[in-house]
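Below is one structure, written out as structure tokens, with a few remarks after it.
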There are 2 protein chains.
Amino acid sequence: MLGLMQHQPLLISSLLEHACVSHPDAQIVSRTVEGPIHRCSYADIGRRAKQVANAMTTLGVQPGERIGTLAWNGYRHMELYFGVSGMGAVLHTINPRLFPEQIEFIANHADDQYLFFDLSFAALVEELAPKLPTVKAFIALCDRAHMPDIKVANLRCYEELIVEQPEQFDWPLLDENSASSMCYTSGTTGNPKGVLYSHRSSLLHSLMSCTSEGFALSAADAALLVVPMFHVNAWGMPYAGALCGAKLVLPGPALDGASLYQLMRDERVTLALGVPTVWMMLQQHAEAGGLNPRDELCLNRVVIGGAAAPRAVVECFERHFDARVMHAWGMTEMSPLGTVCHPLPKHANASLEQRLDLQAKQGRALFGVSMKITDGAGNDLPRDGRAFGHLLVKGPWIASSYFRGEGGPILDQDGWFDTGDIATIDPDGYMQITDRAKDVIKSGGEWISSIDLENAAVGHPAVAEAAVIGIAHPKWQERPLLVVVLKAGQAASREELLGFLGDKVARWWLPDDVVFVDELPHTATGKLQKLKLREQFRDYRFAE
Amino acid sequence: MLGLMQHQPLLISSLLEHACVSHPDAQIVSRTVEGPIHRCSYADIGRRAKQVANAMTTLGVQPGERIGTLAWNGYRHMELYFGVSGMGAVLHTINPRLFPEQIEFIANHADDQYLFFDLSFAALVEELAPKLPTVKAFIALCDRAHMPDIKVANLRCYEELIVEQPEQFDWPLLDENSASSMCYTSGTTGNPKGVLYSHRSSLLHSLMSCTSEGFALSAADAALLVVPMFHVNAWGMPYAGALCGAKLVLPGPALDGASLYQLMRDERVTLALGVPTVWMMLQQHAEAGGLNPRDELCLNRVVIGGAAAPRAVVECFERHFDARVMHAWGMTEMSPLGTVCHPLPKHANASLEQRLDLQAKQGRALFGVSMKITDGAGNDLPRDGRAFGHLLVKGPWIASSYFRGEGGPILDQDGWFDTGDIATIDPDGYMQITDRAKDVIKSGGEWISSIDLENAAVGHPAVAEAAVIGIAHPKWQERPLLVVVLKAGQAASREELLGFLGDKVARWWLPDDVVFVDELPHTATGKLQKLKLREQFRDYRFAE
């Protein structure tokens, strides 16, 4: 027997409609590519998103067609978020930091019909345009006066495109499972793969962001979105903002410490979201300038995702900014939120050290995200905070497959998605990533965390950087090899380092050997490339 | 084109599963009918709800069948909330305060298969049992030692029923639109009508309760549910608690000021929810006993619904309890939440008086609830805070029809549900009820609010109570008649009262006459019965 409740689909357009009637005056503040700060309201975004929808209709865009963007965080990008998805097309946000060949691949794979771009990417668009046959026009996100001088056949001006359009548009009553937006994962192996979000998944994800288990976002917040709108919908924040009426502060291309600090101060930012790197730059800026963020800012919480933040960053926010760090963990395939790290009432009397230990964890699963860890054979492991295994997830905002079925089926027979991470879960549900599955060392049927060993090794005063990889072993399957870069002018022997690790990790975890190198391989964004390191040491064998 | 996200239904069982892994130790504290305080955790509720589901299965209960309850707020009732709905049956909570004939009508109309009851209602069940042919057994919510001595053929003991059942149960993967629970409206005219909630509507409603726009419920809260679990699922709080891990405090049958105050103090209650009457009793208890709630309690917010709270109640919570009142407005047909009254950031510097004015309003619509006001001809009225009209609502947790189609279609052609209220909406979206549609006075094509006139009249020092009704008028259609009860030993003339109102309402709102009576008709719960008053004055005509 079915309930007798109204059938109303969960649609992205309904978020904006709600914003326009419930908190029309709440602000969107953008640092523009052109330079000045721009201010508008949700009501303004509401009107202009409808103009975007009318423009899309005039251009002949059909429901389900992909519309690409190469853009920073700004109000025009936000208008596209609602205008494009709202009218039934799919907003395909492209990461402009990818190599041009990757962008070419992605835009063609997605069959993008139009491409909107910020002026920062004019030269990139000029280079790419001839290689993107499906794109009918390239639309610069600016007014006529700022149009770039580039040779692109179908170049259009955003403000001209929408200015003549009516401010009335009836948002279609779409199936809530319709595709709303798309983001490609920048996989380290193979081609990028597209994750296709739905209106339903985006709405449920936004609702959870606004709960106390998520970010507790509210109309009292001014939220600085350093996390880019080209990356998993800026963690869903533009939608969540519209839901609750939070002021949104969009930093455009200026992500340096000084620019962010200024925005935080001038716009009375209470909540900021981003990856660890930007926070390190912000803290360095504050320290170098002898600033007093405790008095000058009203920041009260910082959401850090993308990677675990060093303890020093968390502690600096506590001590000098009077702001609480919440780690959040997720993936492009997860919309992205899986866990957020909040203390529980029983932690109320924890010391700062205990709290920092807790805050180092990735956190507890949001309602909607089921999470479990399994051993190599697929058996469930206990939630005891010690056992670590493959982290699997399930939920209504988690991908069921990639766009065009790339990579084949991605769920197991019970519907679980393998995150590729190795993690522990404690009895309170706090999850902590201990390694990537491909990096964990399998020794004698047990696992050794490469990350734990590396963290222990960099504790030695002479070690600048350390990496641990598994080396094939006739008896144990794999054994750990420690690869070390020493600090300039420092020295340490193999024996000294092994001795140093001796009381920090289990005896059987101790690396079988230590190799000293001048540098370790990194990606352009500074991430250690273990794949390359393993290739480098493919023929290495431990002495008998 | 559909998104590529996992299909996972929104189910009530998933709330409990989440609670059991994410905050298993959070507490449910109940004052029992038997007397003592009972403590358990969400993990305990999780185990016992599965025993309930197994017991239901053993008893042959089929998906969609209705299971009745006559029970106070307590942990066993909560086990039924999750166990019965979770296994696919429909939890039908019955208001034990209704007349026995109404309960008989409701249980028979719902076709209830089993009836669970608290010991308080043993005599009632003994009286009703012979008249409820569909009920296969009457299950007392107690252990063997407390079984009531009543003559009921199929009397069972709850603890005996579930104790032998396994603690394992695989919650079925139901269609999220399946019926989960049911509550009858106690309409003032005609028979009660059943509202049938779905898993989806209950889940979306719970999610919104946990956002900042709702009650911002969190794991840091201890929530006292004075609103009964037999009335619209206690405003959805048992579900919302499981979602976020709030401690729930369930007061059982003891709703007097002293008992509630004691629970608030002993259980460190931060949030309390109920109707105005209980708060008046609580405040009287605190005042009479010379208590100091500011120091003794840690209450920080009070949600008041069911009726508008007198300003004095709101102010008393502010001044003496240091707690902020939030009005919430809704209906049985709305699951029930429609609006919650929160201040916006721009009200941060409001004076206490200004804030109390704001808090008197019913609040802004939650995301999901669309709201509009229309005139008698169905035309939309402006959201200017002055125009008042029929309040219509729409949304995924609002009824589409009553159980068994009673009362016929209840939505207009665009899907709007008429709340029967007359309201204003201001430019910020704050809604304020000005009257019931059947009470508003239609004069010369315009409307006069009976409530506004009554509120103005009771401002006169000699007036104990006032009611305003519309009297048929040859020229104006209707004109207001003021019916007044004077305070004992006080006097006031027709002219004096009309003069008193002269500078308080618009000239054309002034009643055409004043009638003095000894008493006004009330319901058993003290509500003014305007229908009866109108009948009383059916033949009244104004002098020419």
Alpha carbon centroid spacing (whole Å) that separates the range A:376-405 from the range B:88-109: 44
Report, please, the projected area of the protein assembly as shown averaged over directions, based on the convex hull of its C-alpha atoms, in nm². 49.3
Over the Cα atoms of the range A:5-101, each weighted equally, I'd like the Debye log10 I(q)/I(0) at q = 0.12, 0.14, 0.15 Å⁻¹, rounded to two decimals. -0.44, -0.59, -0.67
How are the Cα pair distances of the range A:184-277 distributed, in percent, across 10 Å bins from 0? 15, 43, 31, 11, 1
If Lys and Arg each add +1 and Asp and Glu each add -1, what is the summed charge of the other residues whose beta carbon sits under 9 Å from the beta carbon of A:ALA89? 0
Principal axis dimensions, largest first and in whole angstrom, of the range A:410-544 by Cα: 53, 37, 32
Across the identical copies, how the B:VAL458 labels are spaced - nm, sorted shortest first, 7 Å along Cα→Cβ: 6.8
Other copies of B:ASP25: label-to-label distances in nm, shortest first, labels 7 Å along the beta-carbon direction: 4.6
Which percent of the Cα-Cα distances in the range B:317-425 go past 17 Å? 60
Per-residue SASA entry for A:ARG534, accessible area with 1.4 Å probe, Å² rounded to 10: 60
Computed over the range A:418-461, Cα set: Rg, Dmax in Å: 12.0, 37
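Calculate the FRET efficiency for A:GLN354 and B:ALA258 from the Cβ-Cβ distance with a Förster distance of 60 Å, rounded to the nearest 0.05. Working shown, then result.
Details: r = 40 Å, r/R0 = 0.66.
Efficiency, from the Cβ-Cβ distance: 0.90.
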Tell me which lysines have Cα within less than 27 Å of A:LYS475's Cα, excluding those fewer than 8 residues away on the same chain? A:LYS438, A:LYS442, A:LYS504, A:LYS530, A:LYS532
Report, in whole Å, the centroid distance computed from the Cα atoms of the range B:435-500 and the range A:19-67. 49
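Starting from the residue with the highest accessible area, list A:ASP503, B:ASP439 in decreasing order, probe 1.4 Å. List each step's numbers first, then the result.
On the way: A:ASP503 125, B:ASP439 15 Å².
Final ranking, largest accessible area leading: A:ASP503, B:ASP439.
With r as the distance between the Cβ atoms of B:ASN154 and B:HIS38 and R0 = 30 Å, compute the FRET efficiency 1/(1 + (r/R0)^6) and round to 0.05. Mind showing how you got there, number by number?
Details: r = 27 Å, r/R0 = 0.88.
Computed FRET efficiency for B:HIS38 and B:ASN154: 0.70.
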The computed P(r) of the range B:111-207 puts the percent of Cα pairs beyond 16 Å at 69
Roughly how much of B:SER370 is accessible, in Å² to the nearest 10, using a 1.4 Å probe? 50
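Over chain A, what is the mean sequence separation of C-alpha contacts under 8 Å (at least six apart), divided by residue count, expressed as relative contact order in percent? Working shown, then result.
Values: 1130 pairs, mean separation 51.3, N = 544.
It rounds to 9 percent for chain A.
Between Rg and the Kirkwood Rh of the range B:258-370, both from Cα atoms, what is the Rg to Rh ratio? Walk me through the intermediate numbers first.
Numbers: Rg = 14.4 Å, Rh = 14.7 Å.
For the range B:258-370, the value is 0.98.
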In bins 10 Å wide, starting from 0, what share of all Cα pairs of the range A:451-507 does each bin hold, as a percent? 23, 53, 21, 3
With the convex hull built on the Cα atoms of the range A:483-544, state its orientation-averaged projected area in nm². 5.7
How many nanometers, to one decimal and shortest first, lie between the label point of B:GLY408 and those of its other copies, if labels sit 7 Å from Cα toward Cβ? 6.1
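Two-decimal Rg/Rh of the range A:373-488 from alpha-carbon positions, Kirkwood Rh? Mind dumping the intermediate values first?
Numbers: Rg = 16.8 Å, Rh = 16.0 Å.
Computed over Cα atoms, the ratio is 1.05.
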Crossing angle, helix B:276-288 versus chain B [Cα axis fit, 0-90 degrees, rounded to tens]: 90
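Quick check: net charge around A:ILE37, other residues with Cβ under 12 Å of its Cβ, Lys/Arg +1 and Asp/Glu -1? It would help to have the intermediate numbers written out before the result.
Details: positive: A:ARG31, A:ARG39; negative: A:GLU34, A:ASP266, A:GLU267.
Around A:ILE37, the charge tally is -1.
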List the pair-distance distribution P(r) of chain A, using every Cα-Cα distance, as the percent of pairs falling in each 10 Å bin from 0 up to the bin containing the longest distance, rounded to whole percents. 3, 17, 26, 26, 17, 8, 2, 0
What angle, in degrees between 0 and 90 and rounded to the nearest 10, separates the Cα long axis of helix A:42-58 from the longest principal axis of the Cα atoms of chain A? 80
In degrees, nearest 10, range 0 to 90: what is the angle between the Cα axis of helix B:199-209 and the longest Cα principal axis of chain B? 60
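Using heavy-atom solvent-accessible surface (probe 1.4 Å) with all chains present, what is the largest-first order of A:LEU174, A:LEU291? Walk me through the numbers before you get to the answer.
Details: A:LEU174 35, A:LEU291 60 Å².
Output order, biggest surface exposure first: A:LEU291, A:LEU174.
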What does the accessible area of A:LYS475 come to, in Å² to the nearest 10, when a probe of 1.4 Å is used? 150
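The values are calculated or read from the model by the stated rules, or taken from the named source; none is laboratory data. The model shown is predicted, which means the values in this text are computed figures rather than measured ones. Positions of Cβ are generated from backbone atoms using ideal geometry, with glycine treated the same way; all protein chains shown enter the neighbour counts. Please note that ligands, DNA and RNA were not included when accessible areas were found on the heavy atoms of the full protein model with its side chains. Shrake-Rupley method; radii C 1.70, N 1.55, O 1.52, S 1.80 Å.
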